[in-house]
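This report refers to the structure that appears directly beneath it.
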Amino acid sequence: MIQLPLSKLSNVGTTIFSQMTQLANENEAINLSQGFPDFMPDPELLDHVDYFIKKGFNQYAPMGGMITLKEEIARKIENSHQAIYHPDSEITVTAGGTQAIFTAVATFVKKDDEVIIFEPAYDCYEPTVELFGGVVKRFEMKAPDYAIDWTAVRNLVSDKTKMIILNNPNNPSGKILTAQDIQELIAIVKGTSILILSDEVYENIVFDGKQHLSLAKYPELKERTLLVASFGKLFHVTGWKIGYCAAPKALTDEFRKIHQFNVFSVNTPIQLALAAYMKNEAHYNNLGQFFQEKRDFLRKGLAGTSFELLDCEGTYFQALKYDKISDKNDFDFASELTITHKVASVPFSSFYKNKRNDHVIRLCFAKKQETLEKAIENLSRL
């Protein structure tokens, strides 16, 4: 019998999101683990999709994306961040935010290039860097405030640093970058050729009157940044897997060299439907308030429990510290919570390479009212 080769990511298993969702399904638990809404998107958006399908727009889109959608993306970025991107040459429609991240890393990271990431980190960053021979350098943000020590970050920079990956607002911590954080980042990259991959898929989900500070706002950063965003997060359609990458033309030209051999192009009728839907800015400008009401409902419902509710400035995830309830590690606690109390969560240790255990779990509150009510009822029994 022949010995078949292993993949280049043979040490990587099933993601924690799939694991916890499977456990939730097996135990008929309320799934607050995986980050997806359990409610329908706006019927108007669905009507647009139906219209363009029936009108016959069902063949390949241009490689970079439909121009009508890219024009709406450019308008949104300019209105939101006072930054100008040329629709045709500086915006690429992608098959979700993760594909944009994968393609950006594939395009620029070569063997032995160093990439700085901030943990807790979305789980696709590290394996993608390693797949292309890069070396990951980590800065650990720690509970309960998940602040960044920029002096420590500066110490991670070397002449091999190719890229810094940032996720703002941060999944899973819910923290956002401050103006001071941005200035520290500007100082670190000044005079270097370091690229920045800015994962801003939750940019419109920021709370309490705070402002999302996109790296596109800052000319010193915009010139070296690949900005990634997601329509799945914006319009409650995570299953559509559609997003985009905005970057200066020189970076976009290189990005598309890889993109064309990865997915080439993205779903045509959905691109056209999104373009039509985005003409009304109210469809996304009120997203923060929509999710803040859900966040506040969950926080109020859990206020009388022994959970410690950590700050949630953005995203649709709430971090809970449970050390007053149990001394189990977070994976075992999350498993017990799913099996015994019928609420599925995600342990924070899964977002750290060293499986750091701060006794913190993550709940997704992008759910219907009745889903959140039932989850609060179950969690209140602990």
Is it true that some residue in the range 179-201 is among the hydroxyl-bearing types (Ser, Thr, Tyr), over 23 Å from Thr107 (Cβ atoms) and either assigned to a helix (DSSP H, G or I) or not assigned by TED's automatic domain parsing to the domain that holds Phe297 (or both)? no
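So which residues in the range 173-198 are touching a residue at least 40 places away in the same chain (Cβ under 8 Å), farther than 14 Å from Asp145 by Cβ and within 15 Å of the chain's Cα centre (by Cα)? Before the answer, list the steps.
So in the range 173-198, the residues touching a residue at least 40 places away in the same chain (Cβ under 8 Å) come out as 173-176, 195, 197.
Subsequent filtering for residues that are farther than 14 Å from Asp145 by Cβ retains 195, 197.
Leu197 - this is the single residue of the range 173-198 that is touching a residue at least 40 places away in the same chain (Cβ under 8 Å), farther than 14 Å from Asp145 by Cβ and within 15 Å of the chain's Cα centre (by Cα).
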Output the residue which, of all residues in the range 309-323 that are touching a Leu at 6+ places or on another chain (Cβ under 9 Å) and outside any loop (DSSP other than H, G, I, E, B), is nearest to Ile205 (Cα to Cα). Phe317
Checking Thr305 against (1) surrounded by fewer than 21 Cβ atoms within 10 Å (Cβ to Cβ); (2) over 22 Å from the mean Cα position of the chain (by Cα); (3) touching a residue at least 60 places away in the same chain (Cβ under 8 Å); (4) not in a loop (DSSP other than H, G, I, E, B), the condition it does not meet: (4)
I need the full set of residues from the range 330-382 which are charged (D, E, K, R) and within 25 Å of Glu293 (Cβ to Cβ), in order please. Lys342, Arg362, Lys367, Lys368, Glu370, Glu373, Lys374, Glu377, Arg381
Lone qualifier among Ala319, Ala334, Ala344 - being crowded, with 22+ Cβ neighbours inside 10 Å and over 19 Å from Glu26 (Cβ atoms): Ala319
Given (1) in a helix (DSSP H, G or I); (2) under 17 Å from Leu382 (Cα atoms), Ser349 misses just (2)
Looking only at the range 90-107, decide whether some residue is acidic (Asp, Glu) and surrounded by 18 or more Cβ atoms within 10 Å (Cβ to Cβ). yes
Is it true that some residue in the range 267-284 is under 25 Å from His48 (Cα atoms) and of a type in the set (Val, Ile, Thr)? yes
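Given the residues Leu213, Leu227, Leu251, Leu272, which is the only one that is crowded, with 23+ Cβ neighbours inside 10 Å and over 25 Å from Leu372 (Cα atoms)? It would help to see each step written out before you state the result.
Numbers: Leu213 fails: crowded, with 23+ Cβ neighbours inside 10 Å; Leu251 fails: crowded, with 23+ Cβ neighbours inside 10 Å; Leu272 fails: crowded, with 23+ Cβ neighbours inside 10 Å.
So the residue among Leu213, Leu227, Leu251, Leu272 that is crowded, with 23+ Cβ neighbours inside 10 Å and over 25 Å from Leu372 (Cα atoms) is Leu227.
The values are calculated or read from the model by the stated rules, or taken from the named source; none is laboratory data. All of these numbers come straight from a predicted model, not from anything done at the bench. In this analysis, Cβ positions are derived from the backbone assuming ideal geometry, glycine residues included, and neighbour counts consider all displayed protein chains.
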